Structure formats: C-alpha cells, structure tokens
C-alpha cells in the first residue's frame, strides 16, 4: 500500500519500470528521481531506505519515472545538472551541460599562464552559464560577461552565477554573439550551435525533443555560428588573447580554417574529450 511503501521498495519499483522501458541506467535514474521527489540528496536514500514515503512524494516520483520512461532526460525532469562540480539549474531555453564541454574549460585554463591574474572573459552563447561559472571559480580574480540570444537562457545564467556566488564578478546580457561588444578580452569561449539542419532529425529523441533548437542548429553545414564568432574574434580579443571554441565531431578542419581566415593562429590540434573526439580548438591573437 502507498501509505506503507518504503523508500527502498519504491526505488526498486521505479528501477524495474525504467528497465522495462529500455532506459540504459534504470537504477541510477530511479535514485536521482526519487531523491528529487523527496527533496533529499541522492546519497541519502540508502540511509533512509526503510523510511515510509509520503503519499504525495510517491505520486510525484512515479510521475517522474513515467516521464523518464517516455524519453525525457533526468536532468530536464530535475531541472538541474552538475557541471565542473557546480550545481546548475536548467530552463527550456538552455541546453543540458555535457561532460564534453568541460574540455573547453580545461583547454582555457591550460592556455592561461597565471591563475591569479585579473583576466576578462567573454562567453558567447552562455546558456546555463556553465563555462563562465567554471572559469570564474578557477580564476579567483577574473571577471566575465556571458551573452545569449535567448532571454530565458540569459536569466538562467544570471541565476546560476548568483547561486554559485559569482554575481559580483559577472554580467549576462542578451545579444547576437559579440556584435554589441567593444572587445579587449583576454579569453573568449563558446559552445555554439553546430548541428547541421539535415542532421537535426537524426539526433536522439532526448535531445531533439527536449533541447532548444536555437542552441543546436547551425545551418546547412553546421558552421553558421562559427562564421559569426570567428569574424569578430580579432576585435573581441586583446593582443595576446585566446579563444576556445567547442567543436562538433569532424569539424576541426573547417573551424580551424575559419580561425586562420580571420587572422588568428591555431594553437595546435584540438583538445580531445574523454571519448577521444577533438572537442576544444584554441586560437590566439598575435
């Protein structure tokens, strides 16, 4: 009965239902969703496995499991995702930050010689503010600006930066890439849209049906955003400044050519993500 159902029993029921629906990680997803319904940290479930689940929480947890079985990502259901050990909230206008994008943060930190310097950072297409937040956490004296075309994404980024104690060193604005900015930045980072129009229909349903298309689609060849960004980099970067651009699979040659055409130097092969995909291209202004 619902009024005597324990946390452990409900978690097992949810995991079984998710497994039957073909979810790849049913146990993990059940734990995350049940903890969300209860308002607990996921690790607390084992400690409270014999506690009775309140009926309203059980109803909510089952609803979450139903959404997950229908293909909605766990991060969307929970409206949050961890990135660089930061807790970030999501909104309909933001992508779910992926581990691949941490490669951009790693490449940027490797390109900056002094962790204590007062760097100025620009994050184009900031989304949740994930990249900017991670860099500001690592660079204690840096300041940064995030830009996004979507009002909702900009509001989410502001909220995430504030939640992580970074509001005083950051500003988030709505704009068309770097068009309205004067420049002089030490570092420009971006995870722009890079999916071709034809490939949009081939994306996994979890992405295609739940992520904002504005943050995914980049024209017939997937390079629309890169063209806009690289054309502005000579103006946006100060002399000696660095840009780090996230790449889609197989896009390194084309994006490197755009960087070179803009008069910037490519600083070697793109940094690879954990799957071995060239993911973060570093460019330098002389």
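Values in this text are rule-based calculations from the coordinates and carry no lab data. These numbers were taken from a predicted model, which means no experiment stands behind them. Quick reminder, even Gly has a Cβ in these numbers, built from the backbone with ideal geometry, and neighbours come from all protein chains shown.
Key figures for this structure:
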quantity: Rounded, prolate or oblate (a/c below 1.5 giving rounded, otherwise prolate when a/b exceeds b/c) for region 1-147 by Cα gyration tensor; calculated: prolate
quantity: Acute angle (nearest 10 degrees) that the helix 224-236 long axis makes with the longest principal axis of the chain, alpha-carbon atoms; calculated: 50 degrees
quantity: Region 2-78 shape via C-alpha gyration tensor axes, a/c threshold 1.5; calculated: prolate
quantity: Shape call, region 221-286: gyration tensor on alpha carbons, a/c limit 1.5; calculated: oblate
quantity: Relative contact order of region 56-103, defined on C-alpha pairs under 8 angstrom at six or more residues apart (%); calculated: 24 percent
quantity: Estimated D of the chain in µm² per second, where Rh is the Kirkwood radius over Cα pairs and Stokes-Einstein applies at 25 °C, 0.890 mPa s; calculated: 122 µm²/s
quantity: Label-point separation, residue 27 to residue 176 (7 Å along Cα→Cβ), nm; calculated: 5.2 nm
quantity: Label-to-label distance, nm, for residues given as residue 50 and residue 19 (7 Å Cα→Cβ offset); calculated: 2.4 nm
quantity: Point-to-point label distance, residue 4-residue 140, nm (Cα→Cβ direction, 7 Å offset); calculated: 5.7 nm
quantity: Whole-Å distance, taken between Cα centres, linking region 10-24 and region 67-111; calculated: 23 Å
quantity: Order by protection proxy (mean Cβ within 10 Å, highest first), peptides 30-36, 49-55, 76-82; calculated: 30-36, 76-82, 49-55
quantity: Cα-based helix-to-principal-axis angle, 7-20 vs the chain, degrees rounded to 10; calculated: 70 degrees
quantity: Highest-first arrangement of 59-65, 102-108, where packing means the average Cβ count within 10 Å; calculated: 102-108, 59-65
quantity: 0 to 90° range, to nearest 10: angle between helix 151-163 axis and the chain longest Cα axis; calculated: 80 degrees
quantity: Cα centroid separation, region 213-286 to region 114-139 (Å); calculated: 17 Å
